[in-house]
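Asker: This is the structure I want to talk about, given as C-alpha cells.
The values are calculated or read from the model by the stated rules, or taken from the named source; none is laboratory data. Predicted model, so just to flag it, every value in this text is computed and none were measured. Virtual Cβ from ideal backbone geometry, glycine too; neighbours counted across all protein chains shown. When the accessible area is computed, the model is the full protein with side chains, heavy atoms only, and any ligands, DNA or RNA have been set aside. Shrake-Rupley method; radii C 1.70, N 1.55, O 1.52, S 1.80 Å.
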Amino acid sequence: MFWGVGIRRIMAGVPQILRPSFTASILGLKDPAADKIVAELGYAMSRSVLPAP
C-alpha cells in the first residue's frame, strides 16, 4: 500500500513540475505567477515520499 501511494504522489508531482501552466489552468488560475506556486507544490509532493538525506 505504501509503495502505491508513493508512486501516485510522484506521478502527480512530476507533471506539476514540468508543466505548471497546465495544472494552473485546471485549477482556474490565470495569473502567470501562479506557475511558480504550482511547480513548488509539485516539488513538495514529489519530495515528500523520498527518504531524507
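Asker: Per DSSP H run of at least 4 residues, take -39500 (n - 2.57); add these up for the chain, divide by its residues and hand me the 222 nm value, nearest 500 deg cm²/dmol.
Answerer: Details: 3 runs with 39 residues, N = 53.
Computed mean residue ellipticity for the chain: -23500 deg cm²/dmol.
Asker: Relative contact order for the chain using alpha-carbon pairs under 8 Å, separation at least 6, rounded to a whole percent? Walk me through the numbers before you get to the answer.
Answerer: Values: 48 pairs, mean separation 24.6, N = 53.
After rounding, I find 46 percent.
Asker: Tell me the label only: which of [x] 28, 63, 9, 0; [y] 25, 64, 11; [z] 29, 45, 22, 5 is P(r) over Cα pairs in 10 Å bins from 0, in percent as calculated from this structure?
Answerer: [z]
Asker: Could I have the simple spin-label model distance between PHE2 and VAL49, label points 7 Å from Cα toward Cβ, reported in nm to one decimal?
Answerer: 1.4 nm
Asker: Also, I was wondering about something else. How much accessible area per residue does the chain have, in Å², with a 1.4 Å probe? Don't skip to the end; give the middle numbers.
Answerer: On the way: 4230 Å² over 53 residues.
Value returned for the chain: 80 Å² of accessible area per residue.
Asker: With a 1.4 Å probe and every protein chain kept in, tell me what percent of the accessible surface of the chain is carbon plus sulfur.
Answerer: On the way: 3010 of 4230 Å².
On the chain, the fraction of accessible area on carbon and sulfur atoms equals 71 percent.
Asker: Put +1 on the Cβ of every Lys and Arg and -1 on every Asp and Glu Cβ in the range 1-47; which of LEU18, ILE37, VAL5 then has its Cα farthest towards the positive end of the dipole?
Answerer: VAL5
Asker: Quick check on packing: order 3-10, 35-42 by the mean number of other C-beta atoms within 10 Å, highest mean leading. Kindly include the intermediate steps, with their values, before the conclusion.
Answerer: On the way: 3-10: 12.0, 35-42: 16.2.
So the order, starting with the most tightly packed, is 35-42, 3-10.
Asker: Stretch VAL14-ILE37 to full length: gain in nm at 0.36 nm per residue minus the Cα-Cα span?
Answerer: Details: separation 23, 0.36 × 23 = 8.28 nm, distance 1.39 nm.
Full-extension gain reported as 6.9 nm.
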